[in-house]
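Since the structure comes first, as structure tokens, the remarks are kept for the end.
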Amino acid sequence: MRPGPLIFGLATYIPGVYKLRSKGTGGTVSARYCYSVWLRHRVLAGKSGFTDAPQVIAELGPGDSLGIGLAGLISGSETCYALDVVAYADAERNEKIFEELIQLFSRREPVPDDSEFPEVLPALESYSFPSDLYSAGQIKTALQKERLTRIRKAIRSLGSPETSSCLSYAVPWTDSAVLPENSVDFIISQAVLEHVDGLAMTYRALFRWLKPGGHMSHVIDFSSHRLTDVWNEHWSYSPFLWKCIRGKRPFLINREPFSTHVRLAKENGFLPLMDRKVMDESGIRTGRLAPSFRHLTEQDLKIKKACMLSVKPKGGGKDA
């Protein structure tokens with residue numbers, strides 16, 4: 001066991017320690033990263049038949065910027081909801097990323113690939129700009145000055161009482177009532193669902209928010225996020241030890257495996273369309289699992305990351 005994470009977890013009980021060390025998520029601070037993630041998810045959804053540009057999008061856990069959602073707005077979506085538990089994003093950073101994203105879309109640049117972002121999922125067969133999803137005419141229309149001015153104004157009003165019809169930043173979001181029922185075409189998250197404590201409630205909310213026929217695309221990282229020497233060794237830690245490691249941090253990782261997400265998606269009425277798994281057999285095996293994780297399958301112990309694409313049935317699913 002690595003002592004560092006335990007020491008820091010315990011230290012967070014000292015007032016001010018976590019705030020002093022916490023400077024952001026370390027994630028979506030690059031326009032090229034946001035551009036790549038947005039288009040990767042859209043290409044994957046397009047291969048499953050979701051070819052129309054989503055008019056209303058939502059991103060769960062945008063982190064240090066709203067760049068992924070801004071990429072959606074720039075490419076033609078009309079409304080973006082960004083939902084987080086801690087307010088990391090700020091207007092100045094978002095406006096800088098927004099201006100850089102405009103240039104990437106105006107040039108219809110190829111999707112930044114694995115040579116630039118080797119650990120980013122989903123991987124694509126082709127990284128050329130997806131002209132089948134976004135034609136030159138569509139991009140030209142989306143980049144009209146009036147649209148961009150409206151989005152820019154919405155970015156500048158982040159955190160103010162002024163509301164915007166195209167960009168909403170909800171922090172913290174605590175229940176499904178934060179968004180209207182049956183209102184969203186496309187929900188996306190990038191390495192976020194492994195950090196959510198209330199997964200069952202979250203899947204219920206995702207189902208409630210999506211319109212019938214709406215899609216959701218999630219990349220989930222099941223590893224210990226470098227808190228242990230072996231990538232899946234966190235499943236060998238007891239609940240008490242894990243509580244000590246987490247300390248008073250507002251979130252860490254929930255340690256739920258791939259099978260939990262499959263089960264919750266099914267229980268809430270989603271239809272699976274595609275999953276792409278990154279397998280790693282170098283981790284611990286069943287004999288080292290803590291008692292609370294002995295239900296994990298051999299497959300769970302090998303799935304390090306996954307991209308899961310699902311759809312809410314047009315008939316409304318279980319709630320119809």
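With contacts defined as alpha carbon pairs under 8 Å and 6 or more residues apart, what's the relative contact order of the chain in percent?
Working: 557 pairs, mean separation 63.6, N = 320.
This gives 20 percent for the chain.
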Helix 199-209 against the longest principal axis of the chain: what's the angle in degrees, Cα atoms only, rounded to the nearest 10?
20 degrees
Under the helix-only model (-39500 (n - 2.57) for each DSSP H run of 4 or more, divided by the residues of the chain), the mean residue ellipticity at 222 nm, to 500 deg cm²/dmol, is -9500 deg cm²/dmol
Report the paramagnetic label zone for residue 225: residues of the stretch 244-279 whose backbone N is under 13 Å from a point 7 Å from Cα along the Cα-to-Cβ axis.
245-256
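Once the piece of chain linking residue 199 and residue 147 is laid out straight, how much longer is it, given 0.36 nm per residue of separation minus the C-alpha distance between them? Don't skip to the end; give the middle numbers.
On the way: separation 52, 0.36 × 52 = 18.72 nm, distance 3.56 nm.
Answer, rounded to one decimal: 15.2 nm.
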Sequence-distant lysines (8 or more away, or on other chains) whose Cα lies within less than 20 Å of residue 312:
47, 211, 266
Given charges at Cβ of Lys, Arg, Asp, Glu: the chain dipole, positive-most of 110, 158, 234
234
Express in nm, to one decimal, how much length is gained between residue 182 and residue 279 on full extension, taking 0.36 nm for each residue of separation and deducting their alpha carbon distance.
31.5 nm
Calculate how steeply helix 91-106 sits against the longest principal axis of the alpha-carbon atoms of the chain, using the helix alpha-carbon long axis, and give the answer as 0 to 90 degrees to the nearest 10.
60 degrees
Residue with peak Gaussian network fluctuation, the chain [Cα springs, cutoff 10 Å], from 307, 244, 80:
244
Candidates 39, 158, 167; GNM for the chain (alpha-carbon contacts under 10 Å) flags as most fluctuating 158
Have a look at 15, 261, 54 and report the one farthest towards the positive end of the charge dipole of the chain, computed about the Cα centre with Cβ charges (Lys/Arg +1, Asp/Glu -1).
15
Note: residue 271 to residue 109 extended length (0.36 nm per residue) minus current alpha-carbon separation gives 55.1 nm
Normalised by the empirical 2.2 N^0.38 Å for globular proteins, what value does the Cα Rg of the stretch 3-313 take?
1.00
Given a 10 angstrom Cα cut-off, can you work out which residue in 247, 287, 63 is the most mobile in a GNM of the chain?
287
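Values quoted throughout were computed directly from the atomic coordinates according to the rules given, and no laboratory measurement underlies them. Computed from a predicted model, the values in this text were never measured in an experiment. Heads up, the Cβs are rebuilt from the backbone with ideal geometry, glycines too, and the neighbour counts pull from every protein chain shown.
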